[in-house]
Protein chains: 2
Amino acid sequence: MMGRRAAIVAVGSELLTLTKVDTNSLAITDVLNALGIEVAAKTVVGDAPDELAACIRMAVERHALVVVTGGLGPTEDDLTRDVVAAVLERPLQEDPALVEQIRERFTVRGLAMPESNRRQAQVPAGGRVIPNTRGSAPGLWLSHDTGVVILLPGPPSEMRPMLEGPVREWLAEHGSPAHLMRRVLRVAGRTESGVDARVHPLYTPWAHEMPAVTTTILASGGVIELHLSTVTSDAEAGRSLLDGKVTALQQVLGGDVVSVDGRSLSEVVGDLLRATGATVTAAESCTGGLLTALLTEVPGSSDYVDRSAVVYSNGAKRDWLGVPSDLIESHGAVSGPVARAMATGALTHSSASVAVAVTGIAGPGGGTSAKPVGTVWFAVADRTSSQVHALCCRFAGDRAGVRRFAALTALDLLRRHLTGVPLTVDWRVPEAPQA
Amino acid sequence: MMGRRAAIVAVGSELLTLTKVDTNSLAITDVLNALGIEVAAKTVVGDAPDELAACIRMAVERHALVVVTGGLGPTEDDLTRDVVAAVLERPLQEDPALVEQIRERFTVRGLAMPESNRRQAQVPAGGRVIPNTRGSAPGLWLSHDTGVVILLPGPPSEMRPMLEGPVREWLAEHGSPAHLMRRVLRVAGRTESGVDARVHPLYTPWAHEMPAVTTTILASGGVIELHLSTVTSDAEAGRSLLDGKVTALQQVLGGDVVSVDGRSLSEVVGDLLRATGATVTAAESCTGGLLTALLTEVPGSSDYVDRSAVVYSNGAKRDWLGVPSDLIESHGAVSGPVARAMATGALTHSSASVAVAVTGIAGPGGGTSAKPVGTVWFAVADRTSSQVHALCCRFAGDRAGVRRFAALTALDLLRRHLTGVPLTVDWRVPEAPQA
């Protein structure tokens with residue numbers, strides 16, 4: 001039976017600098033909490049063997065569950081395996097099957113396995129290997145007299161599938177019958193405080209009901225997330241409690257709700273397009289390909305994405321999309337008429353059912369008093385209805401922020417168009433002519 | 001004399017959840033590093049007295065400097081003062097002057113001081129008070145036999161002025177005039193172990209020289225980073241020491257070195273294009289816009305990016321870039337001839353000096369035994385030389401990983417082309433015809 005409290009140790013000198021921050025511990029916390037396991041402490045420690053050994057020893061002495069990430073690479077500064085083996089007093093043994101798996105990862109890329117990678121096949125006696133499908137460093141599950149130590153690789157792309165797959169599953173098998181249930185609502189087109197103002201009266205009493213439901217609001221890169229959680233002994237009761245809360249929030253938030261089942265905005269848009277057999281094309285200026293990159297991050301998106309044009313210069317807008325030069329001259333490249341012409345031009349130069357255009361000023365240069373940095377025009381054109389809607393938004397933030405917000409807003413406008421929800425968002429500039 | 005290594009402890013159960021993240025430790029790291037003090041470990045611990053005591057005890061035993069933030073408030077779950085006093089075996093004494101200062105903070109707002117705030121005037125014997133100009137919780141500087149423990153409040157708005165004012169000043173008085181100097185080399189086209197195999201013999205002895213230079217190797221999203229650091233009393237000497245090490249690494253790594261001055265691959269490619277007045281266009285299939293998004297993430301990239309085509313379908317490759325249908329039928333869309341035709345077509349349909357094409361299988365579906373998921377063909381075409389180079393790579397990982405690696409590799413191939421470095425990368429598939 002696993003205890004209810006755990007310690008997390010993130011290993012890597014780079015995580016003690018200003019340039020890299022440990023994010024793995026958040027993902028691990030999420031999975032542990034969902035299993036009713038609380039995190040009692042988390043530590044970041046550098047690649048110094050004595051320091052690492054002291055941290056691991058203290059964690060193992062105090063907590064039945066210790067999760068360690070990082071330091072499983074092939075180089076000499078990757079010490080986690082050796083240090084944990086020493087603390088638990090387990091000799092390291094090379095696992096021949098593991099050597100072959102690691103070798104195979106190199107072979108498929110036409111490479112010989114460097115000798116240093118053999119270190120990654122060393123397993124402390126009694127250890128259970130957690131397969132790594134994305135990299136060469138296997139994870140390890142080490143049961144000992146008073147608990148379990150889990151070792152996971154540092155790169156999040158490798159760590160996460162292991163955490164969310166076998167680690168979650170094995171922990172659940174060891175776990176107690178308390179369930180921490182969670183739901184996430186994603187909301188687009190609204191500011192964090194705008195969302196909170198609308199749902200605050202609703203969720204405040206939930207914290208005092210029995211069982212209590214905790215609500216947290218997070219802004220996650222242009223999309224607002226409402227996290228609901230509750231701890232119950234009966235998973236089914238917890239699920240239906242949260243279902244009721246989700247429905248209540250949906251009634252207040254209406255068409256601004258993107259999903260209540262964890263799907264991203266890209267996935268929701270993809271499902272809407274696929275459901276009606278529609279296809280989409282994008283005409284991107286300031287987003288420089290980010291909008292199409294978001295659309296195509298979903299597996300199978302070739303079902304509804306055929307082509308997109310990144311038309312950065314005025315010449316490109318003219319040559320590739322037929323935007324008239326005099327339109328650009330009289331209104332400027334960042335304007336309602338040009339956004340509309342980009343969207344209709346994208347329909348003309350493709351067979352897509354719907355086109356989305358984005359043209360704006362990402363900064364840091366290029367702003368004027370009438371069109372400051374962050375000003376972005378959008379247009380959505382529909383082949384069936386022959387309608388084109390355009391609107392102007394203004395985003396705060398640096399170049400990367402403006403570009404990311406603009407790409408997400410374009411996706412959200414597409415979602416609103418496909419679901420018949422009004423194309424109004426909190427960052428719309430009302431005084432701009434809504435052409 | 002202050003030691004060169006410190007531990008940071010952040011106190012507060014909320015910092016162990018998903019919604020609040022400790023940021024104080026970054027501000028503290030910044031100030032310590034500037035004084036030549038390295039952070040050896042940082043821990044986040046909840047408001048549990050035994051857990052907190054164990055963390056503080058270990059930190060004090062191991063490090064001459066321990067900085068603790070949080071848990072100095074007036075309520076019963078604010079335990080830091082009591083726990084540290086117990087660990088250092090110092091009785092707590094009420095400081096009458098401090099009581100009056102705290103009372104005054106309430107008086108000026110027309111309030112009576114709650115009795116609970118008296119706790120904040122408790123000082124461990126021998127402690128020096130660090131004034132708090134923004135709140136009621138004073139900080140404490142506690143010298144002991146083997147070092148110093150500094151207690152600071154948790155709210156960043158209170159903590160930062162204390163850290164950047166008296167704490168920095170007092171540390172500088174105690175410290176040696178040491179400087180922590182850092183340099184970062186970025187390397188592309190090579191695996192982490194491939195880079196390490198080449199530079200390991202070089203940097204290993206540096207750790208034992210005086211002053212020692214520490215080397216850390218990191219894989220950061222397809223680019224390998226070599227971090228060098230050293231602590232010296234003379235900043236100029238430290239800088240020139242690291243300059244020498246950087247030069248030595250450059251000699252071994254040659255054209256695989258992207259930058260030694262912190263510039264990203266996108267910035268380096270942009271600078272190369274701008275230096276020669278060249279412009280670039282991309283023809284993207286599997287990367288779906290990511291390559292152009294990377295190119296345009298740099299401010300001012302409109303100087304060298306004019307347009308790019310995201311040609312996801314075969315029809316788009318034919319219509320927009322003139323890739324012959326029979327070429328796609330006979331070789332497949334993911335092939336050397338199609339990549340070459342995409343690159344030359346992109347030159348034909350733009351005025352760019354150089355074109356980069358990417359076509360591959362990002363997965364999870366679409367793979368075959370001959371062309372498994374992760375197979376990506378690249379081509380670089382140059383208008384001046386009329387030359388086209390193509391090569392095939394194979395990437396491990398999921399859809400997002402393959403797409404990101406493919407976009408970065410395309411950027412790196414462009415960099416290699418522009419600098420005349422061979423277009424060979426570790427993930428090249430040697431048996432594929434290098435058309």
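Quick note: the coordinates plus some simple rules give every number you see, no bench work behind them. This one's a predicted model, so the numbers in the text were calculated from it and none came from an experiment. Here Cβ is always computed from backbone atoms with ideal geometry, including for glycine, and neighbour counts include all displayed protein chains.
Of note:
- Debye intensity ratio in log₁₀ form over the Cα atoms of the protein assembly as shown, taken at each q of 0.06, 0.07, 0.08, 0.09 Å⁻¹: -0.45, -0.63, -0.83, -1.05
- For the segment A:32-42, counting C-beta atoms of other chains within 10 Å of every residue's C-beta and taking the mean gives 4.
- The mean number of partner chain beta-carbon atoms within 10 angstrom of a residue's beta-carbon across peptide A:17-27 is 4.
- For the protein assembly as shown, the number of Lys pairs with C-alpha atoms closer than 30 Å, counting only pairs eight or more positions apart or on separate chains, is 12.
- Summing charges over all other residues whose Cβ lies under 12 Å from the Cβ of residue A:10, with Lys and Arg as +1 and Asp and Glu as -1, gives 0.
- Near residue A:239, once Lys and Arg are set to +1 and Asp and Glu to -1 for all other residues with Cβ below 15 Å from its Cβ, the sum equals -1.
- With respect to chain B, whose longest principal axis is taken over its alpha-carbon atoms, helix B:235-253 is tilted by about 30°.
- Histogram of C-alpha separations across region B:265-419, 10 Å bin width, %: 12, 46, 34, 8, 0
- Once you reduce region A:18-44 and region A:189-225 to the center of their Cα atoms, the two points are 22 Å from each other.
- With its label point defined 7 Å out from Cα along the Cα-to-Cβ axis, residue B:275 lies at 5.3 nm from the matching points of the other copies, in increasing order.
- Here region B:350-381 and region A:66-128 have alpha carbon centers that stand 32 Å from each other.
- Average other protein chain Cβ within 10 Å of Cβ, residues B:308-318: 6
- The listed peptides B:52-62, B:318-328, A:362-372, B:359-369, ordered by packing as a protection proxy, come out as B:52-62, B:359-369, B:318-328, A:362-372 (highest mean of other Cβ atoms within 10 Å first).
- Per-residue packing, averaged as other Cβ atoms within 10 Å, sorts the ranges A:11-23, A:72-84, B:85-97 into the order A:72-84, A:11-23, B:85-97, beginning with the highest.
- At 7 Å out from Cα toward Cβ: residue A:192 inter-copy label distances (nm, ascending): 3.1
- Average projected area [Cα convex hull, chain A], square nanometres: 24.8 nm²
- Taking other residues whose beta carbon is less than 14 angstrom from the beta carbon of residue A:204, and scoring Lys, Arg as +1 and Asp, Glu as -1, yields 0.
- Shape class for region B:219-300: prolate, because the ratio a/c of the largest to smallest gyration tensor axis (alpha-carbon atoms, square roots of eigenvalues) is 1.5 or more and a/b beats b/c.
- Taking Cα atoms only, the orientation of helix B:265-276 departs from the longest principal axis of chain B by about 60 degrees.
- Cα-based equivalent ellipsoid of region B:179-259: semi-axis lengths in Å, sorted from largest, via gyration tensor: 22, 12, 11
- Shortest-first distances to equivalent copies, position residue A:244, nm, label 7 Å out along Cβ: 7.4
- Region B:187-336: C-alpha gyration tensor shape, a/c 1.5 cut-off, then a/b vs b/c: prolate
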